[in-house]
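Asks: Dropping the structure in here first, questions after.
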Amino acid sequence: MIMIQEINTTLQPQTKELLNHPLYKKITSPEHLKCFMEHHVFAVWDFMSLLKALQEKLTKTTTPWIPVGNPELRYLINEIVLAEETDINSLGNRQSHFEMYLDAMDASGANRKKIEDFLMQITHGTDVFLVIAVSDLPISIKQFLKFTFEIIAEGKPHKIAAAFTFGREGLIPDMFTSIIKNIQQKFPEEDLKLFKYYFDRHIELDADEHGPMAFKMVEELCENNPIRKKEVEEVAKYALESRIELWDGILAEINYCSGKILKNL
């Protein structure tokens, strides 16, 4: 995958900034982790929208059915959808990763109201861009979602695949596992096992299966076209920068809440 290696080399500055973001060291208490989850859940959700957009573009999801596109790409995307939409949760039952995340939020005491209110409007058929615009979500979440759905609306499979593949869950460091462990050592009453299971499962799938599959999908969709490669690089860069801005927003919120607590002491 020479093309993917070249793109990853181009993205090193953004990747380095993301992997060394100060947010990771800031999460030192259950309240910090809850704040993280209440923001990050939107990224977990819109990841699935990117995935389903790819499935619509690369396979036939309407009837009457006919074989479309590249069978190898059909297999790759359907395999990822199978695991992301109907994986095995910690109890051995089928569940999407998004639903696992919501359960982890409940177990940890994180507030689901913002994501539930957002999805209620989406479920009622309100245009996603309108919901984003009128919501009271932090600007960092709004920009993150807006970028995602602009790429989906553009409808170019290689661009959607770039947003899906670069800068997503595979780049969240294993340090979240140690963060969870440290928090539970300090606050043993906190129930974070479902959150840990979610991250462990994601890291396992991304490293062993989904990561290589997604990179192969991007390469296949580019078809050795230099214009497409350039567009993939641009989208990948924006995806990483958008993730960094989301992390900046979470860090700012944690700092703000910590300051309020100190003032009240």
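The values are calculated or read from the model by the stated rules, or taken from the named source; none is laboratory data. Here the structure is a predicted model, which is why all the values come from computation and not from measurement. For neighbour counting, all protein chains shown are included, and Cβ atoms are generated from backbone atoms with ideal geometry for every residue, glycine included. SASA here: full protein model, heavy atoms, side chains in, ligands and nucleic acids out. Shrake-Rupley method; radii C 1.70, N 1.55, O 1.52, S 1.80 Å.
Asks: Any residue at all in the range 163-182 that is open to solvent by 10 Å² or more (accessible area, probe 1.4 Å) and modelled with pLDDT of 95 or more?
Replies: no
Asks: Sticking with this one: So Lys114 passes all but one of these: (1) surrounded by fewer than 17 Cβ atoms within 10 Å (Cβ to Cβ); (2) among the basic types (Lys, Arg); (3) at pLDDT 95 or above. Which condition number does it fail?
Replies: (1)
Asks: Still on this structure: Suppose we filter Phe36, Phe47 for residues that are in contact with a Lys or Arg (Cβ under 8 Å, 6 or more places away or on another chain) and touching a residue at least 24 places away in the same chain (Cβ under 8 Å); which single one remains?
Replies: Residue meeting the stated conditions: Phe47.
Asks: Something else about it: Are there any pairs, at least 6 apart or on different chains, whose C-beta atoms fall under 6 Å, with the first in the range 142-171 and on the phi > 0 side of the Ramachandran plot and the second crowded, with 16+ Cβ neighbours inside 10 Å and assigned to a helix (DSSP H, G or I), and if so, which?
Replies: Cβ pairs passing all conditions: Gly167/Ala239; Gly167/Leu240; Gly167/Arg243.
Asks: Just one of the numbered conditions (1) open to solvent by less than 40 Å² (accessible area, probe 1.4 Å); (2) of a type in the set (Ser, Thr, Tyr); (3) closer than 24 Å to Glu190 by Cα is not true of Ser90; which one?
Replies: Ser90 satisfies all of (1) open to solvent by less than 40 Å² (accessible area, probe 1.4 Å); (2) of a type in the set (Ser, Thr, Tyr); (3) closer than 24 Å to Glu190 by Cα except (1).
Asks: So, one more: So Glu189 fits all but one of (1) closer than 21 Å to Met105 by Cα; (2) open to solvent by less than 80 Å² (accessible area, probe 1.4 Å); (3) at pLDDT below 80; what number is the exception?
Replies: (2)
Asks: Would you check if Gln184 is without any contact (Cβ under 8 Å) to a residue 60 or more places away in the chain and more than 13 Å from the chain's Cα centre (by Cα)?
Replies: In short, yes.
Asks: For Leu18, are the conditions met, namely being within 17 Å of the chain's Cα centre (by Cα) and open to solvent by less than 10 Å² (accessible area, probe 1.4 Å)?
Replies: Yes; evaluated as a whole, the condition is true for this residue.
Asks: Just to be sure I understand, how many residues within the range 123-146 are closer than 23 Å to Ile254 by Cβ, open to solvent by 40 Å² or more (accessible area, probe 1.4 Å) and hydrophobic (A, V, I, L, M, F, W, C)?
Replies: Of the residues in the range 123-146, 1 are closer than 23 Å to Ile254 by Cβ, open to solvent by 40 Å² or more (accessible area, probe 1.4 Å) and hydrophobic (A, V, I, L, M, F, W, C).
Asks: What is the one condition in (1) over 25 Å from Glu241 (Cβ atoms); (2) of a type in the set (Phe, Trp, Tyr); (3) modelled with pLDDT under 95 that Trp65 does not satisfy?
Replies: Status for Trp65: all satisfied but (3).
Asks: Residues of the range 25-56 being of a type in the set (S, T, N, Q) and part of a helix (DSSP H, G or I), which ones?
Replies: Result: Ser49, Gln55.
Asks: Consider Ala53 against the criteria (1) closer than 16 Å to Gly211 by Cα; (2) surrounded by 13 or more Cβ atoms within 10 Å (Cβ to Cβ): it satisfies all of them except one. Which criterion is unmet?
Replies: Of everything listed in (1) closer than 16 Å to Gly211 by Cα; (2) surrounded by 13 or more Cβ atoms within 10 Å (Cβ to Cβ), Ala53 misses just condition (1).
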